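The values are calculated or read from the model by the stated rules, or taken from the named source; none is laboratory data. Here the structure is a predicted model, which means the values were calculated and not measured. Reconstructed Cβ throughout: ideal geometry from the backbone, glycine too, with neighbour counts over all protein chains shown. Calculation scope for accessible area: heavy atoms of the full protein, side chains included, ligands and nucleic acids excluded. Shrake-Rupley method; radii C 1.70, N 1.55, O 1.52, S 1.80 Å.
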Amino acid sequence: MYDRTVSSLRHILIALGDPLVELQVAPNGLEVDVRDVVIMDPDDPPDVAQGDLALLIGARGRAALPLIRAAGRAKVAAVAVKESSQTLEQAARDAGVALLEVRPEVRWGHLESLAKGVLTTTTDDGEVLGDLFALAQTIATLTGGIVSIEDTASRVLAYSRSSDEVDELRRLSILGRQGPEPYLKMLREWGVYNLLRSSEEVVRIDERPELGIRRRIAVGIHAGRQPLGAIWVQEGDQPLTEQAERALLGAARVTAPHLIQQRNQPTSRFRENLLAALLTGRMDAATVAGQIGADPKKPAAVVVFAVRSAEGDRSEHELRRAEMTGLISVHAAAYRRSALVSESGGRTYVLLPDLAPNAQLLSLTREIVTTARRHLHTAVQAAVGSTVSTLDDAQVSRQEAERVLDAMARDLDAEVATLADVRSQVLVSEILALLQDNPRIRDPRIDALDAELAKSLLAYLDALGDVRAAADRLHVHPNTLRYRLKRIDLDLDDPLVRLVAQLQLRMR
């Protein structure tokens, strides 16, 4: 079963933006909880509850005052009116509710549908599934355009925010009105709608300056043979590229479960659970392959991603990780329709089945990391597990990728790596982690060295006993280094002592 869960007023305002509503007053701030979107009609008794966003339909001017006061008594989060005034704003302040002014040309039914779409969805066990507006923003980031997600009736379900200039078709679509009829007729004559409903082909639509319409690309969203809707990308300040078209194809495959989810089918979370069950051995490969349309006998690989953000606000870190997961999902779906993506333990796992023997996973992973770094403004690391011969061995690929990512987190300066690339570094990193966790297998004399002596000894050992080279690295005189080494109570002529010392010092 699915229920609406809490979203903030700020979240709704950011998603809907200036095209639809404008905030007038917010006496309790923008972090108030919004739980549902309801309609208040002046002819009916108020039926609202705490946390509602109430749409005041048919109530203008002073006729809206009783409804605003009733909303305040019910602890409603916000009310929306078509015409604001100083009187209504003061009444909202007194009632302790936020007041939104809805643009005159916006249809109430369209606003209600979009606002409910912003609210995230949760299952009975508390798993949050995310909203289409966040996905639209991710697609806009990847394509460099201005995005709208529509259903099969061409109703806008979600759209991206944009600082670029939007054309008349997008403006009217967001407002819930039909685009220019000459343009829509042209799209029908070209067979654009038929293509979007019948294929996964990315459709290119030329600009029409005489109609105020800019260039677009679009792709249909499908569940098998059933059309679910379409994604439209209007060209912004920068031209749309072939890379944008590839990203759009992946975006359509990622969006499909979200639209199915809106029909009360838990597909998105189900696919995540499939991957978790496969990687932990709770479900066999044949069952998973049957669910995602993959061949369990073909090669597969697992790639693991992690956000390496600096210490700071935890919610901001979680937001970046969620954005990264959306970005990864789009790329992975474009690469393989049957790809699975899931989060666990602060990491994002990607299963890529049905691989060719020469699959270029490193180039795909580097592209994802580069895109994430550019758009999320944070460091991202990724480890690519080896390509295993069948889906049954996906756990082997996952374990290998985790070993590499663990080493990257500790002391390996790389953005993308495989075990074959950094095997020695990974092995040393794992030995150092063992030393760190087990003081009893360390030499207490090395632990007791102060920072200066420890640094000097490590430089000497790394230089293979070359005092002058080590002194140059430390920017000290060779005699100074010799004096420091004499103060260390270790037999440095013994190779085993040198080995233990070098490892233990690296741990420090």
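Within region 436-460, the residues that satisfy the criterion of being of a type outside the set (Gly, Ala, Ser), in contact (Cβ under 8 Å) with a residue 24 or more places away in the chain and out of contact with any Asp or Glu (no Cβ under 7 Å at 6 or more places or on another chain) are Gln436, Arg442, Asp443, Ile446, Asp447, Leu449, Glu452, Leu453, Leu457, Leu458, Tyr460.
Scanning region 94-112 for residues that are surrounded by fewer than 17 Cβ atoms within 10 Å (Cβ to Cβ) and at pLDDT 90 or above yields Asp94, Gly96. Going by the conditions given, is Ala420 touching a residue at least 12 places away in the same chain (Cβ under 8 Å), open to solvent by less than 60 Å² (accessible area, probe 1.4 Å) and not β-branched (Val, Ile, Thr)? So Ala420 fails the test.
Where strands (runs of 3 or more DSSP E) sit wholly within region 17-80, those with at least 2 residues that are touching a residue at least 12 places away in the same chain (Cβ under 8 Å) and more than 32 Å from the chain's Cα centre (by Cα) occupy 36-40. Can you pull out the residues in region 429-461 that are surrounded by fewer than 19 Cβ atoms within 10 Å (Cβ to Cβ) and of a type in the set (Val, Ile, Thr)? Correct list: Ile431, Ile441. I'd like the full set of residues that are assigned to a loop (DSSP other than H, G, I, E, B) and open to solvent by less than 40 Å² (accessible area, probe 1.4 Å), limited to region 81-93. Passing the criteria: Lys82, Ser84. Being open to solvent by 20 Å² or more (accessible area, probe 1.4 Å), assigned to a loop (DSSP other than H, G, I, E, B) and out of contact with any Ser or Thr (no Cβ under 8 Å at 6 or more places or on another chain) is a property that holds for Arg337. Within region 369-379, the residues that satisfy the criterion of being open to solvent by less than 20 Å² (accessible area, probe 1.4 Å) and either over 17 Å from Val303 (Cα atoms) or at pLDDT below 90 (or both) are Thr371, Ala372, Leu376, Thr378. On inspection, Val38 fails the criterion of being open to solvent by less than 10 Å² (accessible area, probe 1.4 Å) and not small (Gly, Ala, Ser).
Residues in region 194-225 that are open to solvent by 90 Å² or more (accessible area, probe 1.4 Å), under 17 Å from Ile260 (Cβ atoms) and not in a loop (DSSP other than H, G, I, E, B): Arg197 only. What residue, of Ala420, Ala501, Ala448, is in the same structural domain as Leu351 (by the TED database), at pLDDT below 90 and among the hydrophobic types (A, V, I, L, M, F, W, C)? Sole residue among the options that is in the same structural domain as Leu351 (by the TED database), at pLDDT below 90 and among the hydrophobic types (A, V, I, L, M, F, W, C): Ala420.
Residues in region 350-403 that are farther than 23 Å from Ala140 by Cβ, hydroxyl-bearing (Ser, Thr, Tyr) and not in a loop (DSSP other than H, G, I, E, B): Ser363, Ser397. Restricting region 380-392 to residues that are more than 17 Å from Ile328 (Cα to Cα) and touching a Ser or Thr at 6+ places or on another chain (Cβ under 9 Å) leaves a set whose member that is surrounded by the fewest Cβ atoms within 10 Å (Cβ to Cβ) is Ser386.
The single residue among Val380, Val426 that is β-branched (Val, Ile, Thr) and touching a residue at least 24 places away in the same chain (Cβ under 8 Å) turns out to be Val380. Remark: pairs (first residue in region 137-149, closer than 14 Å to Val219 by Cα; second residue surrounded by 24 or more Cβ atoms within 10 Å (Cβ to Cβ) and among the aromatic types (Phe, Trp, Tyr); Cβ separation under 6 Å; 6+ apart in sequence or on different chains) = Ser148/Tyr159; Ser148/Trp232. With the structure loaded, tell me whether Ala115 is closer than 15 Å to Gly51 by Cβ and open to solvent by less than 20 Å² (accessible area, probe 1.4 Å) or whether it fails that test. Yes, satisfied.
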